[in-house]
Amino acid sequence: MTIEHATTSNKLPGIASLPISDFKVHRADFFDKMENNSIAFFGAAQEVTRSNDTEYAFCQNKNFYYLTGFNEPDALLVLVKADNNQQSILFSLPKDKSHEIWHGRRVGQEQACQYYNFDKSFVLDELKSFVPEYLNDLSQIYFCFDNSEMSQQVFTWLSQARPSVRQGTKVPEVLIDASPIINNLRLIKSANEIAVMRQVNYISGLAHQRAMQTAAVGKFEYQIETELLYEFSRHGARHPAYASIVAGGDNANILHYTDNGETLQDNELLLIDAGGELAGYAADITRTFPVNGKFTAPQKLLYQLVLDTQLAVIAAIKPGITFAKLNEIANECLTQGLIELAILSGDLRQLLIDKACKKYFIHGLGHWLGLDVHDVGDYHFNEKKEQCREFVAGMVLTIEPGLYMPIDDNDLEKEWRGIGIRIEDNIVVTEQGYENLTVNSPRTIVEIETLMKKKV
Ligand code: GLY
Ligand code: MN
Ligand code: MN
């Protein structure tokens with residue numbers, strides 16, 4: 001039974017996975033938010049066909065994973081809180097010798113209780129008879145409203161439970177969206193979650209180092225992607241957290257470029273946005289460096305501006321700050337710098353009000369990071385998106401300013417065209433301020449040029 005990811009190195013700074021008891025703690029946290037006499041449903045992911053009868057690498061539903069640590073498809077977690085008793089029940093695929101010979105081992109119901117600490121575990125087929133019965137005499141049902149299959153399923157169970165009303169039982173009449181509750185739990189990371197994220201950041205940093213040391217004129221972008229994947233998995237991060245962006249030259253100006261099919265050219269930059277996934281948790285790191293190991297003069301100027309902006313923003317991170325305030329800092333740094341480079345012209349104050357730098361910095365400054373690379377959690381308090389959420393210790397986020405100067409932007413002087421730069425680090429908010437998890441991916445011009453002289 002493969003439950004945890006292994007790591008080949010004991011020199012890394014974090015831990016390779018959460019202890020299984022942490023998932024029980026996550027369930028306890030969710031139970032605390034549930035009303036008495038209620039039930040909650042969380043479904044596992046299903047396998048996704050890649051072609052005919054082969055599937056993509058399985059990726060568990062992240063809410064389900066957060067509450068279970070269980071990595072099989074098609075399962076269902078049921079949380080029942082009745083008369084102030086709490087029960088965690090897992091429905092999962094059965095042990096099945098012939099299926100397992102073809103497709104791999106399953107945990108089965110006995111192990112689910114013993115290893116994963118569920119109070120009860122049943123085979124999936126028993127759902128139909130058990131769940132409508134569980135609903136009897138409960139008042140509320142929690143599930144994620146954005147999961148349309150689960151919504152349908154809940155209504156089916158409710159209609160199956162209703163006949164028993166004639167026998168004098170009650171069925172729940174209140175449906176509650178579980179998403180805001182679980183999103184808020186997932187937004188604040190525990191010490192162990194941060195330790196896994198520290199580890200996957202370090203592994204991803206090693207991968208970015210390797211990319212810098214293997215990049216060369218004439219290689220295909222996907223060949224550098226392969227070096228990243230090799231380094232991720234060598235240290236225990238079997239899969240990338242998202243499709244790696246390996247974008248040479250003007251390809252960096254396509255924000256979600258994942259084609260990675262062109263060759264690297266002399267005197268061009270290479271933008272790599274790539275992070276591993278370890279025990280479900282993502283790293284999300286971007287580095288931009290010269291293919292031939294030496295920045296040109298215009299590349300240096302733009303690169304230093306993006307880096308200075310990133311450093312200024314990160315330095316301001318502490319409890320109580322907001323993304324809105326960090327955006328102001330980024331806006332000021334980039335606008336001032338672009339005026340100095342004569343890429344923007346005019347009155348600084350007016351350019352700041354107009355957010356003129358957004359012409360070249362076309363995406364957000366950062367996002368929450370965790371089990372999902374764009375992790376869950378509200379950025380604002382009210383629905384009008386007016387009040388920005390203040391940071392608190394335990395939040396993890398990216399800071400990723402960039403400048404994008406497309407090759408066909410005739411408004412730009414020629415020297416800037418075809419340059420796309422982003423620098424992205426992963427930051428934990430701490431009681432004292434912040435911890436930058438991205439400690440080993442070279443980021444200054446000197447660090448990058450020095451490392452690139454040492455080929456692997
Ligand atoms: N890698 C996706 C992002 O940076 O948001
Ligand atoms: Mn990001
Ligand atoms: Mn990224």
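Descriptive notes on the structure:
- Cβ separations smaller than 8 Å between residues 6+ apart or across chains give the following pairs from region 213-237 residues that are under 14 Å from THR263 (Cα atoms) and at pLDDT 95 or above to residues that are surrounded by 21 or more Cβ atoms within 10 Å (Cβ to Cβ) and small (Gly, Ala, Ser): GLU221/ALA247; GLU221/GLY248; ILE224/ALA211; ILE224/ALA215; GLU225/SER244; GLU225/ALA274.
- Near pairs, Cβ below 8 angstrom, 6+ apart or cross-chain, from region 360-377 (within 18 Å of TYR303 (Cα to Cα) and hydrophobic (A, V, I, L, M, F, W, C)) to any residue that is near ligand 3 (Cβ under 10 Å from one of its atoms) and part of a loop (DSSP other than H, G, I, E, B): ILE362/LEU255; LEU365/GLU400
Rundown of residues vs (1) in a loop (DSSP other than H, G, I, E, B); (2) surrounded by 13 or more Cβ atoms within 10 Å (Cβ to Cβ); (3) more than 23 Å from the chain's Cα centre (by Cα); (4) modelled with pLDDT of 95 or more, yes/no style:
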site	(1), (2), (3), (4)
ASP137	yes, yes, yes, no
LEU175	no, yes, yes, yes
LYS189	yes, yes, no, yes
ALA195	no, yes, no, yes
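- Restricting region 223-273 to residues that are β-branched (Val, Ile, Thr) and farther than 30 Å from ASN61 by Cβ, the residue that is farthest from ligand 1 (Cβ to nearest atom) is THR263.
- For region 253-274, filtered to residues that are under 10 Å from ILE421 (Cα atoms) and hydrophobic (A, V, I, L, M, F, W, C), the residue that is surrounded by the most Cβ atoms within 10 Å (Cβ to Cβ) is ILE272.
- Filter result (in a helix (DSSP H, G or I) and over 23 Å from LEU437 (Cβ atoms)) within region 197-227: THR214, GLU221, TYR222, GLN223, THR226
- Single residue of region 124-158 satisfying the filter (of a type in the set (Ser, Thr, Tyr) and touching a residue at least 40 places away in the same chain (Cβ under 8 Å)) that is nearest to GLN46 (Cα to Cα): TYR142
- Test set (1) modelled with pLDDT of 95 or more; (2) more than 23 Å from the chain's Cα centre (by Cα) - ILE421 fails condition number: (2)
- Search result, residues across region 334-369 that are among the aromatic types (Phe, Trp, Tyr) and surrounded by fewer than 13 Cβ atoms within 10 Å (Cβ to Cβ): none
- Tally, over region 360-383, of residues that are farther than 23 Å from VAL196 by Cβ and either within 12 Å of ligand 3 (Cβ to nearest atom) or part of a loop (DSSP other than H, G, I, E, B) (or both): 11
- Top-ranked residue of region 228-244 - restricted to ones that are crowded, with 22+ Cβ neighbours inside 10 Å and part of a helix (DSSP H, G or I), ranked as farthest from the chain's Cα centre (by Cα): GLU231
- For region 280-296, the count of residues that are out of contact with any Asp or Glu (no Cβ under 7 Å at 6 or more places or on another chain), away from ligand 2 (no atom under 14 Å from the Cβ) and of a type in the set (A, V, I, L, M) is zero.
- Residue match in region 306-320 (condition: within 28 Å of GLY394 (Cα to Cα), within 16 Å of ligand 1 (Cβ to nearest atom), among the small types (Gly, Ala, Ser) and out of contact with any Gly (no Cβ under 8 Å at 6 or more places or on another chain)): no
- For beta carbons closer than 7 Å, sequence separation of 6+ or different chains, a first residue in region 441-456 that is within 12 Å of TYR303 (Cα to Cα) and touching a residue at least 40 places away in the same chain (Cβ under 8 Å) and a second that is surrounded by 13 or more Cβ atoms within 10 Å (Cβ to Cβ) and among the β-branched types (Val, Ile, Thr), the qualifying pairs are ARG443/ILE423.
- Considering residues of region 395-404 that are under 15 Å from the mean Cα position of the chain (by Cα) and either away from ligand 3 (no atom under 16 Å from the Cβ) or among the hydroxyl-bearing types (Ser, Thr, Tyr) (or both) only, the residue surrounded by the fewest Cβ atoms within 10 Å (Cβ to Cβ): MET395
- Yes/no for ASN331 being more than 27 Å from GLU415 (Cα to Cα), under 27 Å from the mean Cα position of the chain (by Cα) and of a type in the set (S, T, N, Q): no
- Under the condition of being more than 30 Å from the chain's Cα centre (by Cα) and outside any helix (DSSP H, G or I), the residues counted in region 139-160 number 2.
- Selected residue (only one of GLY248, GLY293, GLY280 is surrounded by fewer than 22 Cβ atoms within 10 Å (Cβ to Cβ) and modelled with pLDDT of 95 or more): GLY293
- Meets criteria (crowded, with 17+ Cβ neighbours inside 10 Å, under 22 Å from the mean Cα position of the chain (by Cα) and closer than 24 Å to ALA178 by Cβ) for HIS380: no
- Residues that are small (Gly, Ala, Ser) and closer than 28 Å to ILE176 by Cα within region 96-142 comprise ALA112, SER121, SER129, SER139, listed in sequence order.
The values are calculated or read from the model by the stated rules, or taken from the named source; none is laboratory data. Only a predicted model underlies this, so the values are computations on that prediction, with no experimental measurement involved. Because the Cβ atoms are built from the backbone with ideal geometry, glycine has one as well, and the counts that use them run over all protein chains shown.
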